[in-house]
């Protein structure tokens, strides 16, 4: 019997199986013999009413806990024993007094009626217990279905849940698919049915469902002999009277009503999976549309500024009044804006590679100092307006991808420079620890609002601090996380106790010390 382990369902009481017929007869004979011997030999009871009541007690107990046939046999035996041992003349089956006939008749009738009533009550109790267990199992199955959120594995999980909850050695959820059947099995696959057998049952279910007099309680149940010689019970899965698949079970007998109820729950589960797929596709489509809209808006905004600056600078270069110094200044503007555009398009390419999981790690032995130097070279003039405090370890090397790690660090430095006032200090601490590389970047900016910390590494997210700041798409931190994830690394952000933000990079790696020759 199933119990609600882990689901908050009270455990059902395990019923002891009734004894076999032979064991019940042996127990009845023993009880009647004990009553007879005790009343006649031990206690010397002369009043026949006392053994009659004891015999009646034995009959009622036998009816309540064994079989009706045992109780009826005990009733007849009680009449005979009462007549032989306790009614005059004792020691014979002859009845001398008329009232003795009445006593024997009343004992027989009362014992038979009590047997019938007790057996009927016991039968209703067993039936109620079976129905309670069935409802509990259906409830547990419904809970299992509600906990299934992965639509890709939901059908297989549904078959396993039905088999587990109803102790079935074989369960199959059979759904029509293009070019055949999609069969999700749990248990013994050698009991599978052929597609032709499934097709015949499904056609019959369609015909039954189209009938005006169709009744779900009289649905088309089929017993199919599988290739391995096992009888498999098959019932349609219907949603609003329309068949959407088949449920096949085998192994242990299951009541027709219970099988109908399980099929109804399974049909709802199948329909729920379809709805989950549709909702997931709709969410993906909406998310894709939102990302495209955000990306286009951000790119349009970020492209407009450098292109305008390049156009103005180019026009000034073509003017005849410009001096050599002014031409040099305009050339610097063009080069700066071109570099800015190059970084923007490189960010877009990096994000595309991360989204398509096309980023792979190529690990080399490098020192934390080399990682920091490569990141600073990548950022270039973007840090000229800030003071730098660099503490990078150079006497130990880590086995990481220097390209991915330095690029991720460069995005953190660009972010720190963008969101901290000019003239403030940006600190970089890089070291090789026992578990790998660790880099910490700290700035003296306004920090990150606590409500925005959970969204800090989302794509295209720009918090309130971005208002009035230089243009940006909001991809830098997301790219940082993606690049580090490709080599098993992580990045986290928090606010410093005094002022500013702190970002920590951790890349797991073996570490070895650099041996320098004297």
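What follows is calculated from the coordinates using simple rules that are stated; it is not laboratory data. Here the structure is a predicted model, which means the values were calculated and not measured. We place every Cβ from the backbone using ideal geometry, glycine too, and count neighbours over all the protein chains shown.
Taking R0 as 45 Å, what FRET efficiency do you get between residue 69 and residue 199 from their Cβ-Cβ distance, rounded to the nearest 0.05? Result of the calculation: an efficiency of 0.40.
Extension gain for residue 106 to residue 435 (0.36 nm times residue separation, less C-alpha to C-alpha distance): 109.4 nm. For the pair residue 22 and residue 256, label points projected 7 Å from Cα toward Cβ lie 3.5 nm apart. Segment residue 455..residue 61, full-extension length gain: 134.8 nm, with 0.36 nm per residue of separation and the alpha-carbon distance subtracted.
Sorting the segments 264-274, 81-91 by their mean number of nearby beta carbons within 10 angstrom, highest to lowest, gives 264-274, 81-91.
Once both labels are positioned 7 Å from their Cα atoms along Cα-to-Cβ, the gap between residue 283 and residue 513 label points is 5.1 nm.
Determine, from the Cβ-Cβ distance of residue 231 and residue 139 and an R0 of 30 Å, the FRET efficiency 1/(1 + (r/R0)^6), rounded to the nearest 0.05. The computed FRET efficiency comes out at 0.60.
The convex hull around the C-alpha trace of segment 364-513, projected and averaged over every direction, spans 8.3 square nanometres. Computed from label points 7 Å out along Cα-Cβ, the spacing between residue 53 and residue 321 is 13.1 nm.
As a rough guide to protection, the peptides 162-175, 25-38 ranked by mean Cβ packing within 10 Å, highest first, stand as 162-175, 25-38. Counting 0.36 nm for each residue step from residue 373 to residue 116 and taking away their Cα separation leaves a gain of 83.0 nm.
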